[in-house]
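The values are calculated or read from the model by the stated rules, or taken from the named source; none is laboratory data. For clarity, every value in this text was computed on a predicted model and none was experimentally measured. Please note: Cβ atoms are built from the backbone with ideal geometry, for glycine as well, and neighbour counts cover all protein chains shown.
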Amino acid sequence: MVPKLICDDEMADVHAPATSDKDSLKVTIKLSVEKINAINRICASYDNDPEELISVLHETQNTLGYLPAEVQEIIAHNLKISAAHVYGVVTFYSYFTMVPKGNHPISVCMGTACYVRGAEKILDELKKELNINIGETTPDQRFSISCLRCVGACGLAPVMMVGEKVYGRVSPNDVRKILEEYREDNCEECKPTQQL
């Protein structure tokens, strides 16, 4: 049983078929029909198998950018598992996020090699340049900052990543130049992501 849509336009509340109160599902945020259908397709592509939860979560986060509680409820409903179970998996693995990340998520390695070579100064410069703290996203949804334990590039310390691109031997003076690569207004991949 997949959630049915009750909607007036392109936005929808999600409800399961109302055969009983036990089978009913109501989501509190509005998701576009397109996004609800994407979640349903992802779940169906794994045969709504609860043992495929992590794969479903990975693909859903790659598609939507993050996994808010309402998305978790749709996944739980489709896989016929509790929302608490889905939440437990999302909060256990650091890869998953319930908070939207910027189009260009920035991660600073805080492992021992990077830390002793000045990673904290890199982080301070990023916070100053972007005017946000760790775990926050810029108002234009372009950047977010997080910390990692180790990216496995200790010989290049200190290291920061923007998306999947690794920058090694970064100094505080390099931060502005790196950010400028992603601030280009005419760069199609640099445009902010859509939010749920």
*Can you name the condition, by its number, that THR138 falls short on among (1) under 30 Å from GLU180 (Cα atoms); (2) polar (S, T, N, Q); (3) without any contact (Cβ under 8 Å) to a residue 24 or more places away in the chain?*
(3)
_Step by step: first the residues of segment 39-67, then only those that are part of a helix (DSSP H, G or I) and of a type in the set (Gly, Ala, Ser), then the one that is nearest to THR91 (Cα to Cα). Which residue is that?_
SER55
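Tell me the residue from ALA69, ALA83, ALA76 that is touching an Asp or Glu at 6+ places or on another chain (Cβ under 6 Å) and not charged (D, E, K, R), please.
Checking each option against the conditions leaves just ALA83.
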*Which of the residues that make up segment 121-143 are of a type outside the set (Val, Ile, Thr) and out of contact with any helix residue (DSSP H, G or I) (no Cβ under 9 Å at 6 or more places or on another chain)?*
LEU123, LYS127, ASN131, GLY135, PRO139, ASP140, GLN141
_Go through (1) modelled with pLDDT of 95 or more; (2) out of contact with any Ser or Thr (no Cβ under 9 Å at 6 or more places or on another chain); (3) surrounded by fewer than 19 Cβ atoms within 10 Å (Cβ to Cβ); (4) outside any helix (DSSP H, G or I) for ILE132 and report which single condition fails._
(2)
*asked:* Take the residues in segment 72-94 that are surrounded by fewer than 18 Cβ atoms within 10 Å (Cβ to Cβ) and free of Cβ contacts under 8 Å to residues at least 24 places away in the same chain; name whichever of them is farthest from the chain's Cα centre (by Cα).
replied: SER82
*asked:* For segment 138-167, give me each residue that is within 18 Å of GLU184 (Cα to Cα) and touching a Lys or Arg at 6+ places or on another chain (Cβ under 7 Å).
replied: SER144
